[in-house]
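The values are calculated or read from the model by the stated rules, or taken from the named source; none is laboratory data. Bear in mind that the values here come from a model prediction, so they are computed numbers and not experimental data. Every residue, glycine among them, receives a Cβ derived from its backbone with ideal geometry; neighbour counts consider all protein chains shown. Quick note on the areas: whole protein, heavy atoms, side chains included, nothing else; ligands and nucleic acids left out. Shrake-Rupley method; radii C 1.70, N 1.55, O 1.52, S 1.80 Å.
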Amino acid sequence: MKIAFVGKGGSGKTTLSSLFIRHLAADRAPVVAVDADINQHLGAALGLDEEETSALPAMGAHLPLIKNYLRGSNPRITSAETMIKTTPPGEGSRLLRIGEDNPVYAACARPVELDGGPVRLMVTGPFTESDLGVACYHSKVGAVELCLNHLVDGPGEYVVVDMTAGSDSFASGMFTRFDMTFLVAEPTRKGVSVYRQYKEYARDFGVCLKVVGNKVQGQDDIDFLRDEVGEDLLVTFGHSEWVRAMEKGRPPRFGLLEEHNHRALRTLRETADGSYELRDWQRYTRQMVHFHLKNAESWGNAKTGADLAAQVDPSFVLDERWASTPQPA
C-alpha cells in the first residue's frame, strides 16, 4: 500500500508518519519510508542522530542511476537522458518491489532499526548551496515520483511518504500515486485550510483522503474539526509524553506509547488496508500517462529535445501481475 502524510508546515505530519512507520515495523511489516519534504526531519523522527541523518544518500543525487535502472530494455525510451519525473513504465521497463534488493535501494535506501525490525529509509535530500537561486523544490522530488511510477506493491507491503508541506504536491502528479492520503490537521482555521485545498484539487482524481486531527486537547477541538471536515475526520491524536521524549532524542520502547495513540495508529492501518479493495491499476496507469503528457507538452519536450509522448506504451498497465515477472536483463 502506498500511503502519503500531508498537511501544513508544523501540523505534525512528520511526527505522525514516523509513529505510523514504527507501528508497522512493530508488526514486522515490510516498509519503505520516504522523506519527500524539503525539511528533512523523518530520519530524526525515526531515531537517527544528526550525523546519521546527514549521511543519508539523496535520491536526487542518484537520479542518473535510477533512470538507467528503471529504463531497462524499454524500446520506447531512447536514453536515460530523455526520462523525466513522470515517465511511465512500459514493456521492458524494470519495476521496483518492496522487499527486493536492487541497485536503486542499494544506492538510495538505508536500513533503520526500529522496535520489531528494520525499515528502508529513502530521502529526497535537502536544498544544497548549488540549488539556491537556480532550482525549485519540485526538481528534488522528481526521483520519488519516478520511483512511485515504477513501483509494484501488494497487500501487507507499505510505502509511507512524508510529503512536502501544504498543497505543493499538486505541482506534479505525485498526489495521485497513493492508495491513501492522510491529511494531518490541527484544530484551527489555518489547520483545516490545507484540507480544503486538497479536497478541491483531489476531487476529480479519485484520491482517497482522510483527515487526522493532531494536537487535540479536548472535545471542543474534536467538535471543531468535525464541523470543518465532516466525515473525512478519521481519528485524532492528543498530547503524548512518549512523543515529547522522542523529540528530545530519548524515545522509550514503542510499546510504551499511550494506548489511545496506539488505537489511533491501528485505525490508520485498518483504513489504509481497507483502501486495497478500491485499487484500480488501470486508472492509476491512465493518471500516470495523463500527467506525463501534460509535463511533456509544457516543458519536457523542450528540455529533452525529444517527443516524450512516444514513451507511452498504450498496451501496458502497471499492476500486481508484474510482481512475479522476472526483471529484464
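Within 10 Å, count the other beta carbons around each residue, average over each peptide in 3-15, 182-194, and list them highest first. Walk me through the numbers before you get to the answer.
Working: 3-15: 23.5, 182-194: 20.9.
Result, highest mean first: 3-15, 182-194.
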Query raised in the report: By a straight-distance test (C-alpha under 14 Å), which aspartates and glutamates pair with residue 215 as possible cross-link partners, with residues fewer than eight away in the same chain excluded?
Result: 186, 223, 241
Query raised in the report: Rolling a 1.4 angstrom probe over the protein heavy atoms, how many square angstrom per residue are accessible across the chain?
Result: 44 Å²
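Grab the Cα-Cα distance for residue 325 and residue 227, subtract it from 0.36 nm times how many residues apart they are, and report the gain in nm with one decimal. Don't skip to the end; give the middle numbers.
Details: separation 98, 0.36 × 98 = 35.28 nm, distance 4.81 nm.
Using 0.36 nm per residue and subtracting the Cα-Cα distance, I get 30.5 nm.
Report for the chain the percent antiparallel among DSSP-assigned beta bridges with both residues inside it, nearest 5. Let's see the in-between values first.
Values: 6 of 35 bridges.
Percent antiparallel among DSSP bridges in the chain is about 15.
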Report summary line: Counting Lys and Arg as +1 and Asp and Glu as -1 over every other residue whose Cβ sits under 13 Å from the Cβ of residue 112, the net charge comes to -2
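If I compute solvent accessible area with a 1.4 Å probe over the protein chains, what percent of it on region 201-246 is carbon and sulfur?
Values: 1050 of 2480 Å².
C and S fraction of accessible area: 42 percent.
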Query raised in the report: Among all the aspartates and glutamates, which ones have a C-alpha under 13 Å from residue 248's C-alpha, if same-chain residues fewer than 8 places away are not counted?
Result: 49, 50
Report summary line: Summing -39500 (n - 2.57) over every DSSP H run of at least 4 residues in the chain and dividing by its residue count gives a helix-only mean residue ellipticity at 222 nm, to the nearest 500 deg cm²/dmol, of -10000 deg cm²/dmol
**Report entry** Relative contact order (%) - the chain, alpha-carbon pairs under 8 angstrom, separation at least six
**Finding:** 27 percent
Report task. May I ask you to derive the relative contact order of region 196-273, considering only C-alpha pairs under 8 Å and at least 6 residues apart, and to give it as an integer percent? Result -> 25 percent
Query - Proximal lysines to residue 210, defined as alpha-carbon separation beneath 27 angstrom and excluding residues fewer than eight positions away on the same chain - result: 2, 8, 13, 85, 140, 190, 199
Query - Alpha-carbon centroid distance for the pair region 19-68 / region 264-301, whole angstrom - result: 21 Å
